[in-house]
Amino acid sequence: MDELNHNPENKDQDHLKNDNNSHNKPDIYPLISPLAAAFLGLVGGFFLYQFVGGILTLLIFGFDLETAPVNGLRLMTMAGQILFILLPALLFAKWIYGDVSKVISFKIPNWRELILFIVGIIVLTPLLQSYLYIQNFFIEKWAASSEFINSIKSLFDSLNELVEKTFGNLLSADNIPEMILVVIVIAVVPALAEEVMFRGFIQRSFEHKISAFKAAAVTAIFFGLYHFSPYGVLPLIALGLYFGFAAYLSKSLFIPVILHFLNNFTAVLLFFIIGDDEIFSVDATDTSTLEANIIYFFILLSLFGIVVFFIKRYYKKNKIT
């Protein structure tokens with residue numbers, strides 16, 4: 001037995017096995033802790049875009065943004081996404097991980113993967129709209145019965161009105177060329193910039209320290225808070241979790257970017273067709289409409305669960321993950 005253990009051929013096989021094992025391990029040696037890197041992305045991206053970008057906007061256009069040229073604001077918004085979200089994500093990835101592709105990958109997926117996830121977002125979008133109506137209905141009820149809840153609701157209403165007004169000005173388009181610009185500013189650039197930062201740099205950094213689900217969930221929470229939408233924070237977290245689910249299973253940002261684009265493009269298209277009243281309305285007082293939305297919610301939730309089941313089965317069957 002001792003001779004067998006010391007056989008040179010066995011040593012060669014052990015050495016080859018060790019080489020294979022080391023080859024299978026992720027070749028990532030970050031400059032700082034991946035957890036610290038993730039929080040650097042969160043704090044850095046938030047501070048640069050929301051505060052530095054906001055200050056620059058005020059310096060260029062003044063405090064009365066309602067009278068500022070809307071195309072100027074659109075270009076400023078697009079520049080902010082690129083300079084303060086996309087570029088920092090790429091620079092952080094290069095500086096901390098040495099190779100951007102280690103955390104930010106755009107591998108082209110199989111068309112079946114893409115179709116499955118697109119079906120998911122088609123179901124998830126109206127599901128979240130039904131949830132919003134249910135949520136807002138009960139907020140209205142609670143606010144009517146509690147002075148404390150009503151004071152919080154008033155604060156949320158003020159913030160929501162500001163978000164609606166800003167977003168509404170950016171979305172408003174009188175013709176097709178202007179709508180194309182809106183699509184680029186609201187759908188194309190944010191989909192790329194935010195997914196590279198959130199599902200790319202931040203989520204992948206978290207994945208090196210915590211489980212994939214926890215990484216996607218934590219990233220989704222910050223993604224929801226980042227948008228400053230008081231009534232939409234939970235739907236945004238749900239969207240972020242779905243994008244993170246897609247990023248993890250596909251091992252690529254290609255699908256999350258497409259899903260993010262489709263979600264934003266739908267909002268642009270609906271705004272262009274039916275206006276802001278239906279898109280931004282948070283009034284929910286009709287009991288019969290509530291009952292209908294509860295039914296829709298559970299039907300759509302069941303359908304979404306079925307889609308997720310088929311997505312997971314697809315990856316398990318094809319052993320992609």
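The values are calculated or read from the model by the stated rules, or taken from the named source; none is laboratory data. Everything numeric here is computed off the predicted structure, so don't read it as measured data. Here the Cβ is made from the backbone with ideal geometry for all residues, glycine too, and neighbour counts use every protein chain on show.
Worth pointing out:
- Within segment 198-222, being charged (D, E, K, R) and assigned to a helix (DSSP H, G or I) holds for Arg199, Arg204, Glu207, Lys214.
- Of the residues making up segment 135-159, those that are within 23 Å of the chain's Cα centre (by Cα) and modelled with pLDDT of 90 or more number 2.
- Looking at Leu170, Leu162, Leu225, just one residue is of a type outside the set (Asp, Glu), in a helix (DSSP H, G or I), at pLDDT below 95 and within 15 Å of the chain's Cα centre (by Cα), and that residue is Leu225.
- Condition check for Phe201: touching a residue at least 60 places away in the same chain (Cβ under 8 Å), within 27 Å of Pro256 (Cα to Cα), out of contact with any Phe, Trp or Tyr (no Cβ under 8 Å at 6 or more places or on another chain) and buried (at least 21 other Cβ atoms within 10 Å of the Cβ): no
- Residue in segment 273-296 that is at pLDDT below 90, under 20 Å from the mean Cα position of the chain (by Cα) and on the phi > 0 side of the Ramachandran plot present: no
- Where Tyr226 falls short, out of the listed (1) without any contact (Cβ under 8 Å) to a residue 40 or more places away in the chain; (2) in contact with an Asp or Glu (Cβ under 9 Å, 6 or more places away or on another chain); (3) surrounded by 20 or more Cβ atoms within 10 Å (Cβ to Cβ): (1)
- Looking at segment 46-155, the helices (runs of 4 or more DSSP H) lying wholly inside it that each contain 2 or more residues that are under 18 Å from Ala191 (Cα atoms) sit at 70-81, 87-97, 111-145.
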